[in-house]
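Values in this text are rule-based calculations from the coordinates and carry no lab data. As the structure is a computational prediction, the values presented were derived from the model and not from experiment. Note that we place each Cβ from the backbone using ideal geometry, even for glycine, and neighbour counts take in every protein chain shown.
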Amino acid sequence: MTHSLRIPDLTIPTRPETGTGWSAGVGPGDAGDPAVSDVDVIRVHGAARLAGTVHVVGAKNSALKLMAAALLAPGRSVITNVPRITDIAIMGEVLRRLGCGVRFDADDPVDPMVAVGGVARSRSVTIDVPEQPGVEADYDLVRRLRASICVLGPLLARRGYVRVAHPGGDAIGSRGLDMHISGLTRMGADISGEHGFVIASAPDGLHGAEITLDFPSVGATENLLMAAVLADGTTVIENAAREPEIVDICTMLIRMGALIDGEGTSTITVTGVPRLQPVRHATVGDRIVAGTWAFGAAMTRGDVTVTGLDPTYLEIALDKVVAAGGLVETRADAFRVRMDERPRSVDVVTLPYPGFATDLLPMAIGMAALSDGASLITENIFDGRFMFANEMMRLGADIKTDGHHAVVRGRERLSGAPVRATDIRAGAGLIIAGLCADGVTEVSHVHHVDRGYPDFVADLRALGIEVERATAPEEPELTI
Ligand code: EPU
């Protein structure tokens, strides 16, 4: 079955009406691919300093999975504090094509940004799940949102059959599914690959199993959890991921009636129940967005207060900022980072939670590029995460990569240049690095940033930055 892709309008203010010139005050663009001939660009000036308060809304990597988890119970679930970003719009479309009613409304409680006259960065999503949801997720959506694969577990549990397009790799590396597949197979599923689809069936239902993951994969833990809650018997997931987003999903599932123990630890035990109830749930704050502002404050020698997140979720990242010379104050749901001097070099090793998050690697490299001394940065999660380092080098960063290590020798200042966002986090890291570069930095392909940061431009402005966003023509194709 094929469909033409039309992502629902989330009534986010759109990019400039014409493709000419620079414009002030525009938020993220719509969810569609930019026209082949246009590319969205953010332009910042160097020698800038981030100062002020910014509020983070719900985590993308939680909200996407909470939306998939809603599939587990027929009826109406409502998820609040959902970030207003492209990936959420795509997940809404995935659910619609599975037969769900999906509606985005003003959030409750209202995003504090609205209270100061800004544009809401969070929404609430109401999902009406039918008794018999569909069983297919097509490639046109899955290729744009790898997280669509998280409908595999819930649909297999509900329907006993599912066909989800294989998402393939992306700009941060090859991204396997072997742990998802071997775990579901242990639970009684029969899984094959055909014409680019992962096809899973369990005509007699899923049963509990003891599963030890080779690596604490976030996605595999989520899929197995969401399959196990309706399986017959008890499933034990060893070496499970421990991210706050996993705990958030478990919290929602438990409120739906699931029997789960050990969430937030490496051993999660799930005893299946025959049926779950729909629920209302608020998404946990986004620690990666919050961490982006923490490093932004450190890099720009700024003073930023971040609200909307329990800072213990960022403990190691904030420790790195302190080691670099930053002053960090924390409260239950907020933290403040101040940096008065040039950062000192610090080594960083990315690891599954509670280790240093791979999604903050571009920010760690940005800080290292400006630090006094050399930093050794080690990436252990994605094999292609250093690809963006070439763009950072265009800004004058001194980076040498070798396999999963990078040695970064700090410079007093970077040098503004046109660069390209290759993924969500790289895009945000490059924009912040541009604040520390002489002259102007233009970051193109910022539709990647819109996938993960609700209105990055508005947040930069709230923190005192002069920033412009525009649609610029893509380089013309040369032919002979
Ligand atoms: N892996 C396998 N086989 C599997 C599953 C994973 O080899 O069956 C490998 C992957 O290829 C990767 C590593 O294990 O090298 C980690 O993958 P994981 O499954 O933990 O990550 P994910 O679920 O695909 C989520 C986030 C990422 C975040 C990682 C790690 C979502 C939608 N994505 O990805 O977020 O970096 O966990 O924390 O939740 C982002 O938001 O920009 C982003 C990339």
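Quick look at the values:
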item	result
Gyration tensor verdict on segment 382-467 (Cα atoms; rounded if a/c is under 1.5, prolate if a/b is larger than b/c, oblate otherwise)	oblate
For the chain: rounded, prolate or oblate by the Cα gyration tensor [a/c cutoff 1.5]	prolate
In segment 243-338, chymotrypsin sites (Phe, Trp or Tyr not before Pro) in a DSSP loop with at most 15 other beta-carbon atoms within 10 Å	none
At R0 = 35 Å, FRET efficiency that the Cβ-Cβ distance of residue 116 and residue 280 yields, to 0.05	0.85
Protection proxy ranking, peptides 414-421, 206-213, 66-73, average beta carbon neighbours within 10 Å, highest first	66-73, 414-421, 206-213
Residue-averaged 222 nm ellipticity for the chain, from DSSP H runs of 4+ at -39500 (n - 2.57), nearest 500	-7500 deg cm²/dmol
Gain on full stretching of the segment that runs from residue 319 to residue 466 - 0.36 nm per residue minus C-alpha separation	50.0 nm
Size of charge dipole - the chain - debye, nearest 20, with Cβ of Lys, Arg +1 and Asp, Glu -1, no other charges	460 debye
Exposure proxy order (Cβ contacts within 10 Å, fewest to most) of 62, 201	201, 62
Residues listed by number, segment 114-157, amide nitrogen under 20 Å from residue 383 label point at 7 Å toward C-beta	146-147
Ellipsoid equivalent to segment 172-220 - semi-axes via the Cα gyration tensor, in Å	20, 17, 6
Beta bridges by DSSP in the chain, antiparallel share as percent, to the nearest 5	75 percent
Relative contact order [Cα under 8 Å, 6+ residues apart], segment 60-282, whole percent	20 percent
Global geometry of segment 120-227, whether rounded, prolate or oblate, following the gyration tensor of its Cα atoms and the 1.5 cut on a/c	rounded
Alpha-carbon centroid distance for the pair segment 256-320 / segment 439-473, whole angstrom	25 Å
Cα-based convex hull, segment 60-282, per residue volume (Å³, whole number)	111 Å³
Proximal lysines to residue 320, defined as alpha-carbon separation beneath 22 angstrom and excluding residues fewer than eight positions away on the same chain	400
Sites residue 199 and residue 349 - FRET efficiency at Förster radius 35 Å, r taken between beta-carbons, to 0.05	0.40
Estimated vicinal HN-Hα couplings, Hz - segment 401-411 in sequence order (Karplus 6.51, -1.76, 1.60; Gly, Pro = x)	9, 8, x, 9, 10, 9, 9, 10, 9, x, 10
Cα centroid of segment 163-228 to Cα centroid of segment 77-144, whole Å	24 Å
Sparse-neighbourhood loop sites, trypsin sites (Lys or Arg not before Pro) in segment 244-348 - DSSP loop, at most 12 other Cβ within 10 angstrom	275
Protection proxy ranking, peptides 45-58, 170-183, average beta carbon neighbours within 10 Å, highest first	45-58, 170-183
